[in-house]
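S.K.: Dropping a structure here in structure tokens format, bear with me for questions.
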Amino acid sequence: MTITFRIDDGHDVHAVPPAEITRDQLSVLCDYLRAQSERLGYPLIAHEWGTTDEPEFAFEARVCPLPLASLSAILDHGEAAIAVLDEAQFAARRIRVRREENIGLVMIEVAWTHDSAPALNVANGNAYALLESLGLDAESFGEIPLAELRRRLTDPVIHDRLTADPHLSRYLPSLVAMARTKTNPPDASLAWA
């Protein structure tokens with residue numbers, strides 16, 4: 001079991017329904033994302049499970065650094081797909097691309113994950129240790145304001161506790177990235193469940 005840490009700004013990611021894309025569009029989209037990852041110097045695709053060759057897969061993709069017109073052209077200017085891409089860029093979110101075997105369709109949707117701050121999936125034991133190191137109750141779900149996360153990460157005692165533990169120090173860069181994320185509204189929080 002894992003606990004996922006992510007930024008929560010209260011945005012309704014279900015405001016725009018998922019859109020179906022074809023397998024050909026998926027292939028071109030993946031090629032484009034890989035090429036742009038190489039050009040930009042950082043990955044735009046974050047794999048969740050499976051590969052696009054398997055009956056089931058899911059991945060998230062950063063679309064905010066990319067031109068909407070290029071992404072739209074890849075998806076043949078489909079109205080539903082453009083709505084997903086537009087909402088993701090407006091809300092500074094990634095898109096999630098998935099295919100489930102029982103449905104068989106390739107779907108894109110607005111992801112919970114912020115564009116510049118990935119979600120962090122941590123095994124339960126490490127998640128509880130991470131929460132305790134941050135000076136928080138080791139609960140399986142909760143949230144703290146990002147301002148409080150920033151304060152805790154700059155506290156020398158907490159910072160030393162995190163860096164001293166090799167199992168926890170690997171999560172520090174992601175937590176710092178989350179704490180630095182600019183959100184609207186600015187009073188967003190780090191949530192975990």
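The values are calculated or read from the model by the stated rules, or taken from the named source; none is laboratory data. All of these numbers come straight from a predicted model, not from anything done at the bench. Neighbour counts are summed over all protein chains in view; Cβ atoms, including those assigned to glycine, are modelled from backbone coordinates with ideal geometry. SASA here: full protein model, heavy atoms, side chains in, ligands and nucleic acids out. Shrake-Rupley method; radii C 1.70, N 1.55, O 1.52, S 1.80 Å.
S.K.: Tell me the residue from A46, A81, A88 that is open to solvent by less than 10 Å² (accessible area, probe 1.4 Å) and within 23 Å of L120 (Cβ to Cβ), please.
M.R.: Values: A46 fails: open to solvent by less than 10 Å² (accessible area, probe 1.4 Å); A81 fails: within 23 Å of L120 (Cβ to Cβ).
From the options A46, A81, A88, the qualifying one is A88.
S.K.: Report those strands (runs of 3 or more DSSP E) wholly inside region 76-156 carrying at least 1 residues which are modelled with pLDDT under 90 and in contact with a Lys or Arg (Cβ under 8 Å, 6 or more places away or on another chain).
M.R.: The qualifying strands (runs of 3 or more DSSP E) are 106-114, 120-123.
S.K.: Might you let me know whether region 163-181 holds any residue that is touching a strand residue (DSSP E or B) at 6+ places or on another chain (Cβ under 6 Å), crowded, with 20+ Cβ neighbours inside 10 Å and among the aliphatic types (A, V, I, L, M)?
M.R.: yes
S.K.: May I ask you to list the residues in region 1-24 that are modelled with pLDDT of 85 or more, open to solvent by 50 Å² or more (accessible area, probe 1.4 Å) and not hydroxyl-bearing (S, T, Y)?
M.R.: Those that are modelled with pLDDT of 85 or more, open to solvent by 50 Å² or more (accessible area, probe 1.4 Å) and not hydroxyl-bearing (S, T, Y): R6, A15, P17, P18, E20, R23, D24.
S.K.: Go through region 1-56 and give me each residue that's in contact (Cβ under 8 Å) with a residue 12 or more places away in the chain, touching an Asp or Glu at 6+ places or on another chain (Cβ under 8 Å) and hydrophobic (A, V, I, L, M, F, W, C).
M.R.: Selection gives V13, A15, V16, A19, I45, A46.
S.K.: Which one of these is under 24 Å from D187 (Cβ atoms), in contact (Cβ under 8 Å) with a residue 60 or more places away in the chain, outside the structural domain of E48 (by the TED database) and open to solvent by less than 70 Å² (accessible area, probe 1.4 Å): L136, L131?
M.R.: L131
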